[in-house]
1. Take Pro169 and decide whether it is open to solvent by 50 Å² or more (accessible area, probe 1.4 Å), more than 30 Å from Ser96 (Cα to Cα) and outside any strand (DSSP E or B).
2. Out of all the residues in the stretch 66-99, which are at pLDDT 95 or above, among the β-branched types (Val, Ile, Thr) and within 14 Å of the chain's Cα centre (by Cα)?
3. Looking at Gly151, Gly145, Gly182, which is the one that is modelled with pLDDT under 90, among the small types (Gly, Ala, Ser) and surrounded by 13 or more Cβ atoms within 10 Å (Cβ to Cβ)?
4. Give Val13, Val57, Val31, Val5 a once-over and let me know the one that is hydrophobic (A, V, I, L, M, F, W, C), out of contact with any strand residue (DSSP E or B) (no Cβ under 6 Å at 6 or more places or on another chain) and surrounded by fewer than 18 Cβ atoms within 10 Å (Cβ to Cβ).
5. Among the residues of the stretch 60-79, count how many are hydroxyl-bearing (Ser, Thr, Tyr) and open to solvent by 20 Å² or more (accessible area, probe 1.4 Å).
6. Only residues that are assigned to a loop (DSSP other than H, G, I, E, B) and out of contact with any strand residue (DSSP E or B) (no Cβ under 6 Å at 6 or more places or on another chain): list them for the stretch 107-140, please.
7. Please go through (1) open to solvent by 40 Å² or more (accessible area, probe 1.4 Å); (2) within 16 Å of the chain's Cα centre (by Cα); (3) at pLDDT 90 or above for Ala47 and return the number of the only condition it doesn't satisfy.
8. Tell me, please, whether a residue that is assigned to a loop (DSSP other than H, G, I, E, B) and farther than 26 Å from Asp7 by Cα can be found in the stretch 49-57.
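The values are calculated or read from the model by the stated rules, or taken from the named source; none is laboratory data. Note that this is a predicted model, so its numbers are computed, not measured. Counting neighbours? That spans all protein chains shown, and the Cβs are built from the backbone with ideal geometry, glycine included. Keep in mind that these areas ignore ligands, DNA and RNA; they rest on the heavy atoms of the full protein, side chains included. Shrake-Rupley method; radii C 1.70, N 1.55, O 1.52, S 1.80 Å.
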Amino acid sequence: QTLSVIDTTGLNVLRTLPLSGTPSALAYSAVAEAVYVAAGREGRVLAFNARSGEAGVQAHLGSPVDGLYATPDGRTLLALATDNRQLFVLDAADLSIRHRIALPGAPFQIAFTGEYAHIRMYDTERVTLLPLSAINAASAPVLGGYTAGTGAPRRESVAVMAPTLAATPDGMAAVVVNPADGQLHYLS
């Protein structure tokens, strides 16, 4: 239940900060100069100044948070609530909730390409697409998606594996592995 600030040049712990919850995910935004910690079971996201380690704002999401991702521009956070099949879209500056989106499955991973957040689910072979251009709109974003395989990558099959979803180096396509059928899928 702590967050340690580490000097990467000497690999020395500069300070250790207490958390009022068990951390389940971290994200970083260079734009906000902040590190975000999800206190998973408690359903909270906490912001810390990346330079000083000083605690900042926090959000209470009301659902356990299993994954936390900063968008490529660093202005938005995406929080995954796997058990509740939800995605929270948060403003990185004040952690206000922009959108609470119901998903068609239990999310466990996100990868970003130029225009989309690709959201991988445990219990479906479909990958949900969230248009990055729509996350700041007042109305809820319209989700798309595509099929990546013939079976769902069950939670027990991916728990100890490398990520099953990644953007290509140019950020214009995604590569998806489906452990259920042993297939590799490419979406451009």
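1. On the way: open to solvent by 50 Å² or more (accessible area, probe 1.4 Å): yes; more than 30 Å from Ser96 (Cα to Cα): yes; outside any strand (DSSP E or B): yes.
Spelling it out, Pro169 is indeed open to solvent by 50 Å² or more (accessible area, probe 1.4 Å), more than 30 Å from Ser96 (Cα to Cα) and outside any strand (DSSP E or B).
2. The answer is Thr71, Thr76, Val89.
3. On the way: Gly145 fails: modelled with pLDDT under 90; Gly182 fails: surrounded by 13 or more Cβ atoms within 10 Å (Cβ to Cβ).
None of the other options fit; the residue is Gly151.
4. Being hydrophobic (A, V, I, L, M, F, W, C), out of contact with any strand residue (DSSP E or B) (no Cβ under 6 Å at 6 or more places or on another chain) and surrounded by fewer than 18 Cβ atoms within 10 Å (Cβ to Cβ) holds for just one of Val13, Val57, Val31, Val5, which is Val31.
5. 1
6. Matches in the stretch 107-140: Gly114, Glu115, Asp123, Thr124, Asn136, Ala137, Ala138, Ser139.
7. Status for Ala47: all satisfied but (1).
8. No, the stretch 49-57 contains no residue that is assigned to a loop (DSSP other than H, G, I, E, B) and farther than 26 Å from Asp7 by Cα.
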